[in-house]
Amino acid sequence: MSGQSNGLFRFLKWTLAVVAALALVLAAYLWWVVARFDRETLPARHGQVDAELFARAGSRHPLIVGLGGSEGGNAWATPVWRTQRERFLDQGYAMLAVGYFGTPHSPAQLDRISLDGVHAAIEQATRDPRVDGRCIAVIGGSRGAELALLLASHYPDIRAVVAIVPGSAVFPALTDAMTTAGFSFHDQPLPFVPMTWSATPHLLTGNLRAAFQTMLRDGAAVARAAIPVERINGPVLFVSAAQDEVWPSKDIADAMMRRLQARGFRHHAEHLVVQGGHAEPLDEFPKMEAFLRTRFAETCR
């Protein structure tokens, strides 16, 4: 019996030693990834986007700018979004689909994406005779909602926002290191909520919500990186998911509603909470259409 106990002890001791060694190797690798990442040089194709305008013939149409999320590419220009895109066109809008990373002519990763570059594409679209440049709304989901809110808070020509499962602050770039901001303005990275070492284990195990919740506990960093939504020059609709598995979008949208109220926001703002996960709000486009048909239309009169 004593021999069995000694054997079990040696096995456990060996197992713990292997686990400790693997943890050290992983920590060293993560440190190397972070240390070697170039945080000074802006990414290749910085400021460039791929944009595609969809518009029917006839009079000048209000413009909806569609922004995809962390999947990259130009989501609103793909067949996946054709049905909703056509619905917007049938309702009298023009639509600009913008791919701001992961497309042939934009940065490869969501890293310090230029607000100026995206806005320049919007300005270019308003020169089309089918587009009414006085009436611009942006709609984005997830990191695209973060971008939509940032654009509207920096450029007053944007007159309405639909932010689907949004973030309330600038978050890290989607790089291996995650040590730079997701977005930049005038070629300067915006303050962002850092990926902390305490959040890293959640990220490595795929628990994104827990990772973001850990990051959001840094109140000072969140305050520095907060999107100044009170500067938006028009109505805002937040659409969140009550059981969001990516980040706590309901709590985040609630926080932005409180910020708007505290800072005397003079436009209409509402928060639609959808039961379900991160993708569930995509079933609620009729309610988003109603918001645009009423609140956005008011800004174009």
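All of the numbers you see were taken from the coordinates with simple rules; none came from a lab. Not measured: the values here are computed from a predicted model. Reconstructed Cβ throughout: ideal geometry from the backbone, glycine too, with neighbour counts over all protein chains shown.
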Original post:
Which order do His105, His268, His278 fall in if you start with the one that has the fewest other Cβ atoms within 10 Å?
Top reply: His105, His268, His278
**OP:** Using only the alpha carbons of the chain, determine the length spanned along each of the three principal axes and report them from longest to shortest in whole angstroms.
**Re:** 89, 39, 38
Original post:
Looking at the stretch 127-167, which trypsin sites (Lys or Arg not before Pro) are in a loop (DSSP not H, G, I, E or B) and have at most 16 other Cβ atoms within 10 Å?
Top reply: Arg127, Arg130
**OP:** Take peptides 183-190, 69-76, 53-60, 169-176 and line them up by average Cβ neighbours within 10 Å, highest first, as a rough protection proxy.
**Re:** 169-176, 69-76, 183-190, 53-60
